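Read through the structure below, which is laid out as C-alpha cells, and then see the notes.
The values are calculated or read from the model by the stated rules, or taken from the named source; none is laboratory data. Predicted model only: the values in this text are computed from it and were never measured. Neighbour counts run over all protein chains shown; Cβ positions are idealised from the backbone, glycine included. What goes into the accessible areas is simple: the full protein's heavy atoms, side chains included, and nothing from ligands, DNA or RNA. Shrake-Rupley method; radii C 1.70, N 1.55, O 1.52, S 1.80 Å.
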Amino acid sequence: MKKSLIALAFGTLALGMAEFVMMGILPDIACSLGVSIPEAGHLISAYALGVCFGAPLTVLVARTRSLKHILLALTGLIILGNACAALSPNYWTLLAMRFVSGLPHGAFFGVGSIVAERVADKGRWAEAVSIMVVGMTVANLFGVPLGTYISGVVTWRATFGIVAVWGAVAMLLVKLWVPALPALPDTGMKGQFRFLKSAAPWLVLASVMLGNGGIFCWYSYVSPLMVHTSGFRSEDLTLIVMLAGFGMFAGNIVGGHYADRFTPERVVRFTLGTACLALVGIFFGAHVRYLSLALMCLTTACLFCVSSPQQLLILENSRGGEMLGAALVQVAFNLGNALGAYVGGLPIGHGLGYEYTALPGAAFVLLGMTAAMIYIRKYPRHEQR
C-alpha cells in the first residue's frame, strides 16, 4: 500500500508544482514576456482548461486499458508539457503549453484515486487518498517556494524544467511500485456517463467548483497582495509561499483523518464554512501584516482539507463510471481555479486593492457550502452505503 501511494504522491507533487508555481512566478513571467499581471493570470486559466479537456479525453481513449499503463502515459504528458513550457519563445506559445501541461492533471487524480481506494486498508480510504494528494501539498510547501526562488535568481524557464525532471522521476516510481491492477469493467461509453443522471454528483461537483474557485479568487493573486497590501518585501515571498504550502499540507492530513473518523460530508461542510469566514477576514484584515499571514495559512488549509473527502464522495456517487467521476472532481476544481483567477482579477483591473479579491471569493465559497448542504440533506449517509 505505502509504496504504491508514495509513487502516486510523486506524480501529484509534479502536478502540484506545475499548477501552483504560477502563483509565485506570475510577476517574473509578466515582466519577462511584457504582459500585465491580469494577462499573466490567464496562464493559470489555460492550465485549468487543459485539465477540463484532458479528463474526458482519457476516458474516451483509455478507459479499457490497465490503470498502471494509463498512469505511465499521463506522467509522459507531464514531462512533455512542462519541458515545452520551459522552451516557449513568447507569451502565446507558453499559453498553449500551459494548456498541454494541464491535460494529464485531472485524469491522473482520477485514476490515482481509484488505485488508492483499491490498495487501501479497510476503513482508511480517505487516508489513502490523502496520502496520494499529499504530493500536491508538499509541492506547495517546498516545490513551489523552490520554483519561486529559482525563477527570481535564474529564470522562470528553469522552474518548468525542474517540473519536467520531477515528472520523469514520477514515471519511474509508477513503473516500479504501482501494481499491475486490472482495467475497470468496461460499461461502454454510455455507461461511463450514466451516473450523471443523478443530482448527487452534480451537487458534489458544484460544491468543489464554487468552494475551491472562491479560494482561488484570492489565492491567484496572493503574491502581489502580500507585497502591495500587507506590506511584506518581495524577498519574503519565498517564505510566504512556503507557509501557504504548510497550510495545505496540514489541511490535507487533517481532512483525510477526520473524513474516516466522522464522515466526508461533515468535513466538507465545516471546512467551507471556515473558508468563507477566513476570506471575509482577509478583506478586512489584509492591511495587518501578521493577521493576513495567519488567515492565508488557514484558508490554504481549507483548500486541501476538503480534497480527499470530495474525492470519496464522487467515487461513492459514480459507480460504473469511477474513472470519469474521480477525474471530474479535478475538472470542477480547475474550472473553479480558472473562474477564480478571472473573477479575482476583475476588481484589480478596475483599480481596487488586492484585498478586494477576497470578497467575490467569500461569495463563491458560500454558494459551494450551500450545494454541499443540499447534498447532505438530499442524500443522507445511510442511503449511500
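A few notes on this one:
- Filter result for Leu103 (open to solvent by 40 Å² or more (accessible area, probe 1.4 Å) and in a helix (DSSP H, G or I)): no
- The set of residues in segment 198-231 that are over 16 Å from Phe284 (Cα atoms) and not in a helix (DSSP H, G or I) comprises Ser198, Ser220, Tyr221.
- Complete set of residues in segment 315-324 that are of a type outside the set (A, V, I, L, M) and open to solvent by less than 20 Å² (accessible area, probe 1.4 Å): Ser318, Gly321
- Complete set of residues in segment 336-349 that are surrounded by fewer than 23 Cβ atoms within 10 Å (Cβ to Cβ) and not small (Gly, Ala, Ser): Leu339, Tyr342, Val343, Leu346, Pro347, Ile348
- Looking only at residues of segment 33-43 that are out of contact with any Lys or Arg (no Cβ under 8 Å at 6 or more places or on another chain) and in a helix (DSSP H, G or I), we find that the one that is nearest to Met323 (Cα to Cα) is His42.
- Each residue in segment 57-67 was checked for being open to solvent by less than 40 Å² (accessible area, probe 1.4 Å) and either touching a helix residue (DSSP H, G or I) at 6+ places or on another chain (Cβ under 9 Å) or within 30 Å of Leu237 (Cβ to Cβ) (or both), and 4 of them qualify.
- Annotation note: of Gly54, Gly76, the sole residue that is assigned to a helix (DSSP H, G or I), surrounded by fewer than 18 Cβ atoms within 10 Å (Cβ to Cβ) and in contact with a Pro (Cβ under 9 Å, 6 or more places away or on another chain) is Gly76.
- Search result, residues across segment 197-210 that are touching a residue at least 12 places away in the same chain (Cβ under 8 Å) and over 16 Å from Val306 (Cα atoms): Ser198, Ala199, Ala200
- The condition (being open to solvent by less than 10 Å² (accessible area, probe 1.4 Å), farther than 26 Å from Gly147 by Cβ and not polar (S, T, N, Q)) is satisfied by just one residue among Pro185, Pro179, Pro201: Pro201.
- Scanning segment 169-197 for residues that are among the aliphatic types (A, V, I, L, M) and part of a helix (DSSP H, G or I) yields a total of 9.
- Checked against (1) surrounded by fewer than 18 Cβ atoms within 10 Å (Cβ to Cβ); (2) touching a residue at least 40 places away in the same chain (Cβ under 8 Å); (3) under 27 Å from Phe232 (Cα atoms), Leu352 passes all but a single condition, namely (2).
- Residue check, Gly361 assigned to a helix (DSSP H, G or I) and either open to solvent by less than 10 Å² (accessible area, probe 1.4 Å) or not aliphatic (A, V, I, L, M) (or both): yes
- Taking residues in segment 244-267 that are without any contact (Cβ under 8 Å) to a residue 40 or more places away in the chain, and partners anywhere that are open to solvent by 10 Å² or more (accessible area, probe 1.4 Å) and in a helix (DSSP H, G or I), the pairs with Cβ atoms closer than 7 Å and at least 6 places apart or on different chains are Tyr258/Val267.
- The residues of segment 157-199 that are under 22 Å from the mean Cα position of the chain (by Cα) and of a type in the set (S, T, N, Q) amount to a single one, Thr159.
- Counting the residues of segment 1-32 that are crowded, with 24+ Cβ neighbours inside 10 Å and not in a helix (DSSP H, G or I) gives 0.
- Across segment 118-168, the qualifying residues are those that are part of a loop (DSSP other than H, G, I, E, B) and among the small types (Gly, Ala, Ser), and the one among them that is least open to solvent (accessible area, probe 1.4 Å) is Ala120.
- Within segment 275-301, the set of residues being open to solvent by 30 Å² or more (accessible area, probe 1.4 Å) and not aliphatic (A, V, I, L, M) comprises Phe283, Phe284, His287, Arg289, Tyr290, Cys297.
- Neighbours by Cβ (under 6 Å, 6+ apart or cross-chain): first from segment 365-380, under 14 Å from Pro264 (Cα atoms); second open to solvent by less than 40 Å² (accessible area, probe 1.4 Å) and of a type outside the set (Ser, Thr, Tyr): Met369/Leu272; Met369/Gly273; Ala372/Val268; Tyr375/Leu203; Ile376/Glu265; Tyr379/Ala200
- Some residue of segment 41-50 being open to solvent by 10 Å² or more (accessible area, probe 1.4 Å) and either within 13 Å of the chain's Cα centre (by Cα) or among the aromatic types (Phe, Trp, Tyr) (or both): yes
- The lone exception for Ala327 - which of (1) surrounded by 23 or more Cβ atoms within 10 Å (Cβ to Cβ); (2) modelled with pLDDT of 90 or more it fails: (2)
- Complete set of residues in segment 287-300 that are at pLDDT 95 or above and over 17 Å from Thr229 (Cα atoms): Leu298, Thr299
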